[in-house]
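All of the numbers you see were taken from the coordinates with simple rules; none came from a lab. Small disclaimer: the values here were computed from a predicted structure and weren't measured. Don't worry about glycine lacking a Cβ; one is built from the backbone with ideal geometry, like all the others, and counts go over all protein chains shown.
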Amino acid sequence: MTLWQFSVREIKSRPGRAALTLISIIIGVAAVVAVAMSVITTRGAYEEMYQTLTGRAAVEIRSEAGGGIDDAIVDQLAERSDVQAVVPILERIAIVYAGQTEAQKKRMKIQVMAIDPARDAKVRDYKLVRGKFFENGKGVLLEAGFARTLGVDLGDEVKLLTPGGLKKLAVVGLLAPEGAAAYRQGAMFVSLTNGQRLFKAKNKVDTIHLAPKDFARSEQLLKEVAASLPPGLVARPPAARSQLSKETLESTQQGLELASALSLIVAIFIILNTFLMNVSERRRQLSILRAIGATKGQIKRLLIGEGLLLGFIGTVIGMVVGMGGAFYLTRLMENLFQTSLPSLQVTPLPFVLGAVLGLGVSLLATYMPAVWASRVSPLEGMRPVAHEDLEGVSPMVTLAGLVFLAIAGVLAYAFFVGLWLRYVPIVAAVLALAGFVMLIPASLGPLSRFVTAILSPLLKMEGELAHRQLLRRRIRTTLTTGVLFVALATGIGLGTTIVNNVDDVGHWFERTVLGDFFVRATMPDMASGLSAEVPDTLGKEIMEIPGVSSVSSARVVSVQVDPAPTAETKDPVGAILIARDFVANDRLELDLREGEPEKVLKDLCAGDVVIGTVLAKRSGLKAGDHINLSREGQKQQFRIAGTSNEYFVGGLALYIQRDIARQKLGIEGVDGYAVRVGKNLDRGSRFRIETRLKEIAEREGLLMQSHEALRAMVDDLVNGITGGLWVLLAMGFVVAGFGIVNTLTMNVLEQTRELGLLRIVAMTRRQVRKMILSQAAIMGCIGLVPGAIVGAGIAYLVGRSSEGEFGRSIEFTLHPIMFFGAFLIAYAIVVIAAWIPAQRAARLDLREALRYE
Amino acid sequence: MLVLEARDLTKIYGAADARVEALRGVDLQVIKGEWVAIMGPSGSGKSTLLNIVGGIEVPTSGQILVEGVDLASLSDDQRTIMRRKRLGFIFQSFNLLPTLTAEENVALPMVLDGVKPADASQRALQKLEQVGVAHRRRHVPGTLSGGEQQRVAIARALAIEPALLLADEPTGNLDSASGAQMVRLMRELVDDRRQTIIMVTHDPQLAALADRIVRVRDGQIESDEPAGAPVAAGVRDFSPAG
Ligand SMILES: Nc1ncnc2c1ncn2[C@@H]1O[C@H](COP(=O)(O)OP(=O)(O)OP(=O)(O)O)[C@@H](O)[C@H]1O
Ligand SMILES: [Mg+2]
């Protein structure tokens, strides 16, 4: 036998405790790995998309407002002697219909890339698997895997919904999933000339990439080209884009980061707790080891070895679980942003983070108890009755707790006076939690006394005994109440935040998305805000359906907003302009944050705009200011009538009256229609309208959704995210529940002898059981009541913290059902968890109990 | 040859009101192969003395020489190594590690000392044979009787071939038959192997089996005389070696 084997034996002898420690490590590591990995994958997807897209290009030319560029400039640029290639691209979103038989039919939103085959091949790699690189400029190319998804093969036909209606195109080539075809698997390539014809963008392109002959002279080239461009066009290094998409990802990622930070705290705390408990349970054994000749160093190494062993196993399992979690999260994001992300990117970083966390926390959590254990006196082993915790409350712990609370307070204050650092609230919350826990040992006596007194009508004499027993095991009681406190505080904190956010989305939806039915080509891309166009003659046809009271159309385009001088950024902010029919004297269909609804509506009709709060924050503008919008070379100034809560494109959106947009910015076309029916329509006519709209949609290859269906869809998306958060939360609670079972079981084991004596002297089984349950009830009150209160505080802080990012706070409401519900559930878990050890104590074999070991 | 020499040992616990003078100037000498029984009323300082001799506690003042080494002047680690190599303990509450088998419990001090696991378990088996519980070597303490547990504890104490075997009421938790068996075992050790033993006991019959009885009262040695009172003679007959 070796000491190492001894460790393993010790771990095995308490499978429950080992499992608890493992689960805590697994949860912590898995949360970190999953979040880091999915964040890297989504970020990476955007970056990779960008890089493969830009290839060897060093300069990118776009129109300042995101509109088109006249392609005459392409030849002009090609004449430059220092340019190796000039690559024009037209990119549009469209709907593709594929599949031959009814069963195979597929309908999908895709990105159509119109490229110039001759010019593009000089900059980017396209590897053909089969077929040709276009046939006289005709046909489409698809990445081979994507073609399989669509159920089409070389030579098949696909239909594309374009502004000119449905167009048939033949698949002429299949591309290897490498190079340019890899950046986005759901893309379709057509030749530039063909694309310009299909999308009615004659002589237009969206982007021009320049590849220099000498890469070292890129900067020079950029400067010269920028100077030579006609007004309205900008030249920049290729990486300066896609900020818009990134920002919409940001808020989701923030939510995940917050959730994993909180679940991490719970995990760390439980890991620390189990290791500390491990030592306090084994004091006697450790003292025997000391008595028969184990040095302090040997004891320390023994315990640290055990911790690292568990830490290692937990970390490995956690990484695997984390990868699964990352897979789930990226699928969620795909749904949310209606895009296809590349398969999970397995980079070392998430694993390094996970390992640092898993092993680091285990090491840290073992080191303290190990040092503590090495100080166990060999004398303790000599005593026949288990040693009592001699450690009084170290004033250092209380002092440190107060210092932590003070720092948390200062941070919270700094935060409220305007230090909008992203992690400030989280750090403050963590410090506050730790601080409170550190105050428990010092206040345990009076708190337990107080709670026992209050519960005494219920607990009677058993309560008094329970109180004594809890104080005898001060350290363990502190750890258990600490876990309860942290679990409920983070639970209520995170839960309230989730519910408030979901409410906020719901509120926004009900205010902003009005209409009984919607007819459109696609769900607008939540990230870019763009969707495929819809034939603009449909409005009239829909209006003619009997019972329809109004049809309003909307058009969504991208624009650039000049920032105010006070804004953080100097560059124009990319945003989405939503041109909608606002009708005077009607209800304003926006979730306003600034401004009176009637007044804002009047102003909108008169030519003002309403901007999303995130846009307001980014551009440094507010209601009453003037805003400069540029699009396709035109710049126009508008007054801001108000600001609104906005979830579309992450809040970087603004609203304008449709006619005004047409007059001042030349915005034509329709992305979708919102149809309203008469107020007092019976169900039959409503159903007839729905059927008719469905028919129209079918014929045109469009999407028709009712208000309810759309709401359900948005709810689904939201639920997908919050579902993940709830799962994390639930796991925290489960682990905390195990923690209680563990503590109380240990308590019972340790009290075996005393319980046996009590039973012999007079106590009935019922009374013994009640005494153990009373211990749980008292600990529950001490840990959970402050936990609930602090949790509400955390939720408030987190809600306020969104102000920094989104320019508005999520309305903070303490949901009584959620608040008291979580409290009661947690309390129930505590008492139920106590049932097992209580039962065990009640069934104690008296003869066994009186044996020493 | 002197195995143990204690010079003017004092031990004071607590301070002010809670001050207890557990030992007040104890001098004691034990030679190799001698079996000393310590007796005295409860609270007189017997356990304190034994713990100090065993290097588990340090005296407030005085010297405590085991084979010429002053335990009081050693660092904690040095004292631990001294315990590990030269001192064997038997406790009233056997104090075996519940997760280890009998054999492993016996091997543990050697393993702690860096003896190769295979050698350690071979020596452990020898010791278990010596105390007559070799057939129980794969059992964990929970499945052993009290007498068997105590014999495993003796084997553990003997495994390192200690200069001094210390036992604090070793029969306190045993029935009289097991107790007698245990004491017979100790007698054998002394007679056959010249093992030096210091044993605390309340039982005059057991004490009579020792070579010498030291009586402690109020932290001081009251009397120190050879065993051999008339009662003891009868008990001595139990011993086959006798
Ligand atoms: N850790 C301690 N702190 C304070 N006082 C102690 C401590 N250990 C022992 N004492 C006191 O020292 C005195 C001697 O104790 P000791 O355990 O040596 O007695 P003993 O002779 O072994 O008694 P018993 O026969 O009951 O075991 C007692 O008064 C006891 O209360
Ligand atoms: Mg004693």
request  = Starting from the Cα of A:Asp715, step 7 Å along the direction of its Cβ; do the same at A:Ile836; then give the gap between the two resulting points in nm.
outcome  = 3.7 nm
task = Compare the Cα positions of B:Ile213, B:Leu87, B:Ala102 along the charge dipole of chain B (+1 at Cβ of Lys, Arg; -1 at Cβ of Asp, Glu; about the Cα centre) and return the one farthest towards the positive end.
result = B:Ala102
message = Please arrange B:Thr101, A:Thr398 by how many other C-beta atoms lie within 10 Å of their C-beta, fewest to most.
response = A:Thr398, B:Thr101
query = Compactness ratio of region A:566-638: Cα Rg over 2.2 N^0.38 Å, N = residue count?
reply = 1.15
request  = Round to the nearest 0.05 the FRET efficiency obtained for B:Glu67 and A:Leu402 when R0 = 35 Å and r is the Cβ-Cβ distance.
outcome  = 0.10
message = Semi-axes of the equivalent ellipsoid for region B:48-90, please: Cα gyration tensor eigenvalues, times 5, square-rooted, ordered largest first, whole Å.
response = 14, 12, 9
query = How would you rank A:491-497, A:785-791, A:201-207, highest first, on the average number of other Cβ atoms within 10 Å across their residues?
reply = A:491-497, A:785-791, A:201-207
query = Semi-axes of region A:535-701's equivalent ellipsoid from the Cα gyration tensor, sqrt of 5 times each eigenvalue, largest first, rounded to whole Å?
reply = 33, 17, 13
ask   = P(r) of chain B in 10 Å steps, Cα pairs, percent per bin?
value = 8, 32, 36, 20, 4, 0
remark   = The Cα radius of gyration of region B:97-203, divided by 2.2 N^0.38 Å with N its residue count, comes to 1.02
request  = Cross-chain or 8 or more residues apart, Cα under 21 Å: how many lysine pairs in region A:535-701 fit that? Count them up, please.
outcome  = 11
request  = Quickly work out the A:Arg331-to-B:His135 label distance, labels modelled 7 Å from Cα along the C-beta direction, and quote it in nm with one decimal.
outcome  = 6.2 nm
key: In Å, descending, principal axis extents of the Cα set of region A:112-163   = 31, 30, 17
ask   = Rule-of-thumb check for region B:61-143: C-alpha Rg over 2.2 N^0.38 Å?
value = 1.27
Förster radius 35 Å - calculated FRET efficiency between A:Ala730 and A:Arg765, Cβ distance, rounded to 0.05 = 0.55
ask   = Residues of A:293-303, mean number of Cβ from any other protein chain within 10 Å of their own Cβ, rounded to a whole number?
value = 4
inquiry  = Treating only the Cβ of Lys, Arg, Asp and Glu as charged (+1, +1, -1, -1), what charge dipole size does region A:535-701 show about its Cα centre? Round to the nearest 20 debye.
reply    = 140 debye
task = At a Cα cut-off below 25 Å, give the lysines reachable from A:Lys127, other chains included and same-chain residues fewer than 8 away excluded.
result = A:Lys109, A:Lys138, A:Lys159, A:Lys168, A:Lys213
note = Rounded to a whole number, the mean other protein chain Cβ count within 10 angstrom for residues of B:103-116 is 3
ask   = Residues with amide H under 5 Å of B:Val216's amide H, sequence separation 5 or more or different chain, H placed in the peptide plane at 1.01 Å from N; which?
value = B:Met39, B:Gly40, B:Glu222
task = At 7 Å along the Cα-to-beta-carbon direction for both B:Lys32 and A:Leu363, put a label point, then send me their distance in nm to one decimal.
result = 4.9 nm
message = So if each residue of separation counts as 0.36 nm, and I subtract the Cα-Cα distance between A:Val320 and A:Leu154, what length gain in nm does that give?
response = 55.9 nm
remark   = Using the Cα gyration tensor of region B:1-84, the equivalent ellipsoid's semi-axes, largest first and to the nearest Å, work out to 21, 17, 11
